[in-house]
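The values are calculated or read from the model by the stated rules, or taken from the named source; none is laboratory data. Note that the coordinates shown come from a computational prediction; the quantities given were computed from them, not determined experimentally. Glycine gets a Cβ as well: all are built from the backbone with ideal geometry, and neighbour counts include every protein chain shown. Quick note on the areas: whole protein, heavy atoms, side chains included, nothing else; ligands and nucleic acids left out. Shrake-Rupley method; radii C 1.70, N 1.55, O 1.52, S 1.80 Å.
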Amino acid sequence: MPTAPRGPKQGPAPHHPTPLRHAATALVLLCALAFGACSSGNQPREPVRAREAVRTVQRDVPSILRGTIGSQATLNGAQSTIVSGYGLIVGLDGTGGGILDERIAGTMERIMGLNGIGRGNAMPGTGLAGDDDEGLSPRELLRDPNVAVVLVQAAVPPGAPEGYEFDVYVRALNATSLEGGRLWTTELRIGPPTYFGGGQTKRIATARGDVFINPFAEPGSESRGVTETIGRVLAGGIVTEPFKLELLLDNASSARARRIVSTINSRFPEGPGDTGPTARGRNASSIAIRVPAAYRDRPQSFVQILRYLTIDQTFPEEQARRYIRSAQQLPGLADELAWCLVGLGEKAIPFCRQLYDHPELEPKLAGLRAGATLGDPRAAEPLMELSWSAPSLNLRTEAIGLLAGLDAGPRVDQSLRQLAADDTLSVRVAAYDGLSRRAERLMLRRLLSRAGSSVRDTPLAILERQAASYIPPTTGQGISRVTVDDVFQLDRVPYGEPLIYVTQQGQPRIVLFGDDARVRTPALLSAWSGRLLVASDSPGEGLRVFYRSTRDAPPVVLEELDPDLMRLVLLFAHEPTPEDPRPGLAMSYSEVVGAMHAMHLEGGLTASFATETDRLLAALLEAADEQRVEERPEFAEGDDEIGDDLESPLDISNTDFEESLVRAREEADAPRQRPSLVVPIPARPQDEDD
């Protein structure tokens, strides 16, 4: 077979796949498809997707604050918590025992039964034994006119540790007055109270103690939030199972979590009373926080320092320099930067001093707040100057409070003693408060200096309470204190014009300023529809006192009593016992305050009268608002969830009361413009013929 001639050489011939190559390629594709099908369980393969990028959370905060813990994490449990429960008030003067909602009555009967109250348990000494001394049944007890059921509410501050004490608010549900009553131990659980058979939230506190009825609202002015059916138990609540604080990182990172834990524990090392480290890492995004024992009574300050704590403290001096520069350039951030400086600790003190003499007020205050909080004694001089000449009353009282916390020698006590005689009421009270805290610290140091084993083994909280119970007049602060029958404290401040000052939150306390607080003579003063009469026929004559503890009680008559107000207060409050049979009228703190208030209104005292503003209602409203924004349902193990049909924590039918809460909250939201926290009580105008 002839062959065709070859042409000229023009390079390699073009590639044309042969049938054999087609077959090989097809075989490879078939094998690949078969292998893929087998490896995926004979399922079609998913299309290949691009890996999604991890989203990084970046908060919108000023650049100077981006390195703080609060800029990279959320602190759970740092909100005030509403707690409540149904409680029992005893010791009334026939004003209780009214009709109760059946659901509440059933709940109370169940609670009393679980606590051993009922027939066969006479409970001697409680006044609830019954006529046959066999005890009252729960149903009979609820109908007793000397007993009332109350709604108990409180706002537990953020970070409050176990043993923290707080005020509780009580509202009568079947009584016309709570005067003279005492709250029996009541469980306080998160949120609104529930009826028997319903779901229960976690119990975190209990409450008990004498009810304080604010006597400073005149009849017809109950819109101010005060009536005889509303009261509070000062320092009556105690945290038993505190909320655990938790830091949640915005972006999970084991390395960052470890660094934050190390920073917190370096800033807050374990000290006396601590049972473990302040911070403990749980995982890459969660850190458990424990409030240090040193901040047990001021957990809010601990929370603030924690939020503004700088994570990277490799060069604290450089960080302090940056914060000082920013405080000068950005006065609006002065408060936040002050906390940042506090977080750096003592190494920030030399830099804070650069602001002590700053010509602008906000940077100067930032430096002084941080320096005083860190204990710099050199902050004392500029703070003393501000306490006398600051441009506003609030700044004067703030400077006094910062000054009182400094251990800067006797000049601080001397300045505070002079301020306690100032013409401005709020300044006097702030100076007294500073002197009181300094005297308490001095008494604690004296107590701790005793080397006895009993002192060393006593918890610090108990030692602090013992140190604050008695202050002799020989301390450098010049004030004195006695604790009256373990009920309230009576302080004497021998500076300035005579003044009676009483507390409405925290430790029950009556403070007598000046050296001439006494009853005017001659006098004819009465209180409580004649149940208390104080009389004197001529100037300089001793007092006669007529008193009935209840409407049906036999009268007590005492004569030739000293008109000195301190002696009279001790007489009113003292309860005679076989161990101490001195005469006394066994009045409660509320009754003593009410008696003095009544005598003041009639112009029978040489002293003026003042009290604190009521901040408990504002705290309740603020906590309720926080919980509306962020629900935190924590349930006891095995409990059912709460239904949606229960009343709200502040379901108060009195709209005037709600309005008073709103007004109180508006004051709390504007601390720079709010009025003084001390309120003068004017005497009732006297007739011209008097």
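Ordering F351, F546, F196 from largest to smallest accessible area (1.4 angstrom probe), what's the sequence?
The most accessible residue leads, giving F196, F546, F351.
Just how far, in whole angstrom, is region 371-411 from region 227-263 if you go by their alpha carbon centroids?
What the calculation gives is 30 Å, centre to centre.
When the scattering of region 70-116 is computed by the Debye formula from its Cα atoms alone, each counted once and equally, what is log10 I(q)/I(0) at q = 0.17, 0.21 Å⁻¹?
-0.69, -0.89
For region 364-470, what is the per residue volume of the convex hull drawn over the alpha-carbon atoms, in cubic angstrom?
Cα convex hull per residue, to the nearest whole number: 112 Å³.
How large is ³J(HN,Hα), in whole Hz, for each residue of region 323-335 in order, when computed from phi with the Karplus curve 6.51 cos²θ - 1.76 cosθ + 1.60 and θ = phi - 60°, using x for Gly and Pro?
5, 5, 4, 5, 4, 6, 8, 10, x, x, 9, 4, 4
Full extension from S526 to E541: what is 0.36 nm times the residue separation minus their Cα-Cα distance, to one decimal in nm? Mind dumping the intermediate values first?
On the way: separation 15, 0.36 × 15 = 5.40 nm, distance 1.78 nm.
Taking 0.36 nm per residue and subtracting the Cα distance, the gain is 3.6 nm.
Residues of region 369-461: accessible area per residue at 1.4 Å, in Å²?
Result: 45 Å² per residue.
For region 451-608, divide the Cα radius of gyration by the Kirkwood radius and give the resulting Rg/Rh value with two decimals.
Rg/Rh: 1.02.
Towards the positive end of the charge dipole of region 416-518, with charges on Cβ (+1 Lys, Arg; -1 Asp, Glu), say which of S426, V511, G476 has the farthest Cα.
G476
Grab the alpha carbons of region 282-352, take their convex hull, and tell me the volume per residue in Å³.
Output value, Cα hull per residue: 116 Å³.
Accessible area per residue of region 513-580 at 1.4 Å probe, in Å²?
For region 513-580, the per-residue accessible area is 55 Å².
With equal scatterers on the alpha carbons only and no solvent term, can you work out the Debye log10 of I(q)/I(0) for region 479-553 at 0.15, 0.16, 0.23 1/Å?
Cα-only, vacuum Debye calculation for region 479-553: -0.74, -0.83, -1.09.
What whole number of Å gives the distance from the Cα centroid of region 480-513 to the Cα centroid of region 166-184?
23 Å
Starting at the first residue of region 432-437, write each ³J(HN,Hα) from the Karplus equation 6.51 cos²θ - 1.76 cosθ + 1.60 with θ = phi - 60°, in whole Hz, x for Gly and Pro.
4, 4, x, 4, 4, 5
Tell me, what % of the accessible area of region 451-586 is carbon and sulfur with a 1.4 angstrom probe?
52 percent
Take the solvent-accessible surface of the protein heavy atoms, probe 1.4 Å, and return the percent of it on region 322-385 that carbon and sulfur atoms account for.
48 percent
How high is the FRET efficiency from E270 to S301, r the C-beta distance, R0 22 Å, rounded to 0.05?
Between E270 and S301 the formula returns 0.75.
Could you do me a favour and compute the accessible area per residue for region 261-321, 1.4 Å probe, result in Å²? Please list the in-between numbers first.
Numbers: 2950 Å² over 61 residues.
I get 48 Å² per residue for region 261-321.
Please work out how much length the chain gains when fully extended from Y470 to R378, using 0.36 nm per residue of separation minus the C-alpha to C-alpha distance, in nm with one decimal.
Working: separation 92, 0.36 × 92 = 33.12 nm, distance 3.06 nm.
Residue separation times 0.36 nm, minus the Cα-Cα distance, leaves 30.1 nm.
I want to check the label-to-label distance for E360 and S449. Put each point 7 Å from Cα in the C-beta direction and report it in nm to one decimal.
4.6 nm
Mind ordering 418-424, 363-369, 538-544 by average Cβ neighbours within 10 Å, highest first?
Final packing ranking: 363-369, 418-424, 538-544.
Quick one: work out Rg over Rh on the C-alpha atoms of region 401-520, Rh as Kirkwood radius.
Ratio value, two decimals: 0.99.
Could you calculate the contour length gain from S254 to K202, that is, 0.36 nm times the residue separation minus the distance between their Cα atoms, to one decimal place in nm?
Contour length minus Cα-Cα distance gives 15.6 nm.
Mind giving me the FRET efficiency for A294 and D564? R0 is 56 Å, r the Cβ-Cβ distance, nearest 0.05 is fine.
Using R0 = 56 Å, I get an efficiency of 0.90.
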